[in-house]
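Quick notes on the structure that follows.
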Ligand code: GLU
């Protein structure tokens, strides 16, 4: 298995050159453009890591899946979907265009920035409690008690996040977000700045592949109906406005982040974490997408 994964890394390394490091969060432009790693964690307890699987990067948008799970547990789908929709946008992840064109106004889905900011605001507790609950959930499902934020990326996001700020203030104006906008945004910036490796995101994938139950202990952390909702959003909106193409070419639920990570899973089988910080024009890891395509091809993983 490891040799096959190494071959896949080798074949796809050149796709790094099709990507660029993001600069809109200045600290992310300091990432290692050439890092490329894979980690697979399956439900039988087998784990395989190749390439730069210990490379650390910030989780960014992949965190949106976990905060969605927490908000679903806190509020239930009926209440949550009053504030955020279920449809793909076809626009970029940080677009604000569609916020104003639907009535009543609400973000299209929880995977775009506006939707994720709204979801984070729905998590119960004071801002400090919210963030602690998010970190606790991450630590539990990754089985990594050392998970913490990258302070430099967090401060960089906070300083330059005016587009997110604009959307959040707009959403408060239309009643999607309640309370202190800056404090809510601060939780969102922090959740995006959590520092992870491929192994951590593969474990999140495996947890979802197991429908919200920790495979080692059998503990049900998230109700399976909520895990299903999150996996469905990963298929329809997880790879930004390339989600349709990814579903056709790869065919497994996946969520990417501008830190270069992609968290993917095969229901009932495994979680897969991939990192490659150079991003294509949609914001997905340029080599990471190709690596996942080859893994899915080789092991016939498409769910469709
Ligand atoms: N923190 C990033 C932002 O708000 C997350 C974007 C992403 O990974 O898609 O722009």
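The values are calculated or read from the model by the stated rules, or taken from the named source; none is laboratory data. Note that the structure is a prediction, hence the values are computed from the model and not measured. Backbone-built Cβ (ideal geometry, glycine too); neighbour counts: all protein chains shown.
Evaluate the following for residue 65: is it modelled with pLDDT of 95 or more and surrounded by fewer than 24 Cβ atoms within 10 Å (Cβ to Cβ)?
Considered against the rule, which asks whether it is modelled with pLDDT of 95 or more and surrounded by fewer than 24 Cβ atoms within 10 Å (Cβ to Cβ), residue 65 comes out as no.
Looking at the structure I just gave you, is residue 78 free of Cβ contacts under 8 Å to residues at least 60 places away in the same chain, within 22 Å of residue 180 (Cα to Cα) and out of contact with any helix residue (DSSP H, G or I) (no Cβ under 9 Å at 6 or more places or on another chain)?
When the stated conditions are applied, residue 78 does not pass them.
Exactly one of (1) more than 13 Å from the ligand (Cβ to nearest atom); (2) crowded, with 24+ Cβ neighbours inside 10 Å is unmet by residue 247. Its number?
(2)
Would it be correct to say that residue 181 is surrounded by fewer than 23 Cβ atoms within 10 Å (Cβ to Cβ) and either closer than 22 Å to residue 143 by Cβ or more than 16 Å from the ligand (Cβ to nearest atom) (or both)?
Answer is no for this residue.
Kindly provide the set of residues from the stretch 289-302 that are surrounded by 14 or more Cβ atoms within 10 Å (Cβ to Cβ) and touching a residue at least 40 places away in the same chain (Cβ under 8 Å), ordered by number.
Residues satisfying the conditions are 289, 290, 291, 292, 293, 294, 295, 296, 301, 302.
Could you list all residues from the stretch 17-62 that are within 15 Å of the ligand (Cβ to nearest atom), assigned to a strand (DSSP E or B) and surrounded by 24 or more Cβ atoms within 10 Å (Cβ to Cβ)?
Within the stretch 17-62, 57, 58 meet the criteria.
Provide a single number: the residues in the stretch 263-288 that are touching a residue at least 60 places away in the same chain (Cβ under 8 Å) and either in a strand (DSSP E or B) or within 16 Å of the ligand (Cβ to nearest atom) (or both).
Counting residues in the stretch 263-288 that are touching a residue at least 60 places away in the same chain (Cβ under 8 Å) and either in a strand (DSSP E or B) or within 16 Å of the ligand (Cβ to nearest atom) (or both) gives 18.
Taking the residues in the stretch 160-172 that are surrounded by fewer than 17 Cβ atoms within 10 Å (Cβ to Cβ) and touching a residue at least 12 places away in the same chain (Cβ under 8 Å) as candidates, determine which candidate is nearest to the ligand (Cβ to nearest atom).
Checking each candidate, the answer is 163.
I'd like to know if the stretch 73-88 contains one or more residues that are within 15 Å of residue 255 (Cα to Cα) and modelled with pLDDT of 95 or more.
no
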